[in-house]
Amino acid sequence: MTESAARMAGEANKARRHAMVLHVITRSLLYVIVIVLSFVFALPLLWMLVTALKDDPDVFRLPPVWIPNPIRWANFPEALTIIPFGMHLLNTLKIAVPVVIGTLLSCSLVAYGFARIDFPGRGALFFLCLATMMIPFQVRMIPLYIQFRNLGWLNTYKPLIVPAFFGGAYPIFMLRQFFMTIPQELSDAARIDGCSELLIFLRIILPLAKPSLAVVGLFTFMGSWDNFIGPLIYLNDAKLYPISVALRGFQSEFWEKHLWQYMMAASATTIAPVIIIFYLAQRTLVEGITVTGIKG
């Protein structure tokens with residue numbers, strides 16, 4: 001009996017050690033795969049940064065030079081001098097900030113109606129709203145251009161800003177899904193106390209929806225910051241160009257003079273604000289995407 005128990009205990013310990021070793025190997029393989037894939041995705045960004053720090057001979061050297069020698073930090077101020085970076089950065093903010101404000105205002109109101117107010121045809125209207133996501137911008141591009149031209153809005157920021165105040169299907173969908181996770185009892189209690197739907201929306205729903213609002217605001221800001229085709233179509237004056245269109249305009253000059261290190265330096269400076277904002281807001285971003293209810 002004692003020998004049998006000892007044998008069983010030994011087999012159990014052996015099985016535990018085997019399971020632990022298997023777990024360690026599996027986790028190690030997963031980490032290796034994640035590191036390799038992360039490096040593959042980060043390789044273009046790394047190459048851009050490396051090229052931005054090279055001098056003229058190293059840019060076109062084969063095989064490629066991954067460690068610049070010497071490291072030329074002066075490429076950044078020189079590139080930003082060739083491009084009126086400050087003006088174009090300000091133009092980008094003039095577009096991005098109002099777009100974020102308009103998207104949050106309009107989409108949160110519409111999402112609240114779809115999520116918390118029961119009215120006839122709500123499901124059909126919500127389906128119609130989602131169906132607009134299946135229409136690509138290339139299909140709407142010419143009709144929108146003609147419409148904005150008839151309104152006299154060409155060569156202004158209005159075609160890029162005003163539509164944001166009329167909602168968008170994807171932000172409405174995201175906010176609606178979050179609003180539906182908030183217990184209906186909170187709204188019912190507020191109605192008993194005499195609150196209108198607008199007060200319920202402002203005092204109860206919006207304070208609880210800060211993570212989802214942050215996610216929508218961040219996605220909207222990134223999309224507006226990187227928007228290229230819209231400003232290219234509606235703007236004719238180079239002084240009004242955002243940084244995305246301005247970089248494309250200066251690309252020919254960099255190409256003719258073989259100044260790719262300046263192009264990479266300007267591009268790295270352009271994407272730096274988005275990366276910084278994303279890094280600072282990543283906790284809120286993850287929380288807003290994964291949250292499914294109220295804490296506590």
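The values are calculated or read from the model by the stated rules, or taken from the named source; none is laboratory data. From a predicted model like this one, the values you see are computed outputs, not experimental measurements. As a convention, Cβ positions derive from the backbone with ideal geometry for all residues, glycine included, and neighbour counts pool all protein chains shown. Heavy atoms of the whole protein, side chains included, go into the accessibility calculation; ligands, DNA and RNA do not. Shrake-Rupley method; radii C 1.70, N 1.55, O 1.52, S 1.80 Å.
All of (1) closer than 21 Å to Lys210 by Cβ; (2) open to solvent by less than 80 Å² (accessible area, probe 1.4 Å); (3) of a type in the set (Phe, Trp, Tyr) hold for Phe148 with one exception: (1). For segment 168-204, a residue qualifies if it is over 26 Å from the mean Cα position of the chain (by Cα), open to solvent by less than 70 Å² (accessible area, probe 1.4 Å) and β-branched (Val, Ile, Thr), and the qualifying residues are Ile200, Ile204.
Determine whether segment 53-64 contains at least one residue that is farther than 30 Å from Tyr241 by Cβ and in a helix (DSSP H, G or I). Yes: one or more hits.
For every residue, the table says whether it meets (1) among the β-branched types (Val, Ile, Thr); (2) at pLDDT below 85.
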position: Met174; (1), (2): no, no
position: Asp188; (1), (2): no, yes
position: Lys210; (1), (2): no, yes
position: Leu213; (1), (2): no, no
position: Gly217; (1), (2): no, no
position: Ile233; (1), (2): yes, no
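Contact annotation: residue pairs with Cβ atoms under 7 Å, 6 or more positions apart or on different chains, pairing a residue in segment 133-156 that is in the same structural domain as Pro231 (by TED's automatic domain parsing) with a partner that is open to solvent by less than 100 Å² (accessible area, probe 1.4 Å) and of a type in the set (Asp, Glu), are Asn155/Asp237.
Yes or no, residue by residue, for (1) open to solvent by 60 Å² or more (accessible area, probe 1.4 Å); (2) more than 14 Å from Phe221 (Cβ to Cβ); (3) at pLDDT below 80:
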| position | (1), (2), (3) |
| --- | --- |
| Gly249 | no, yes, yes |
| Glu256 | yes, yes, yes |
| Tyr262 | no, yes, no |
| Ala265 | no, yes, no |
| Ala268 | no, yes, no |
| Pro273 | no, no, no |
| Ala281 | no, no, yes |
| Val286 | yes, yes, yes |
| Ile289 | yes, yes, yes |
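So which residues in segment 174-208 are at negative phi and assigned to a loop (DSSP other than H, G, I, E, B)? Selection gives Met180, Thr181, Ile182, Pro183, Asp193, Cys195, Ser196.
Selection of segment 130-145 for residues being of a type in the set (A, V, I, L, M) and open to solvent by 70 Å² or more (accessible area, probe 1.4 Å) yields Met133, Met134, Ile135, Val139, Ile142.
Of all the criteria given as (1) over 21 Å from Gly249 (Cα atoms); (2) surrounded by fewer than 18 Cβ atoms within 10 Å (Cβ to Cβ); (3) at pLDDT below 80, the one not satisfied by Ile82 is (1).
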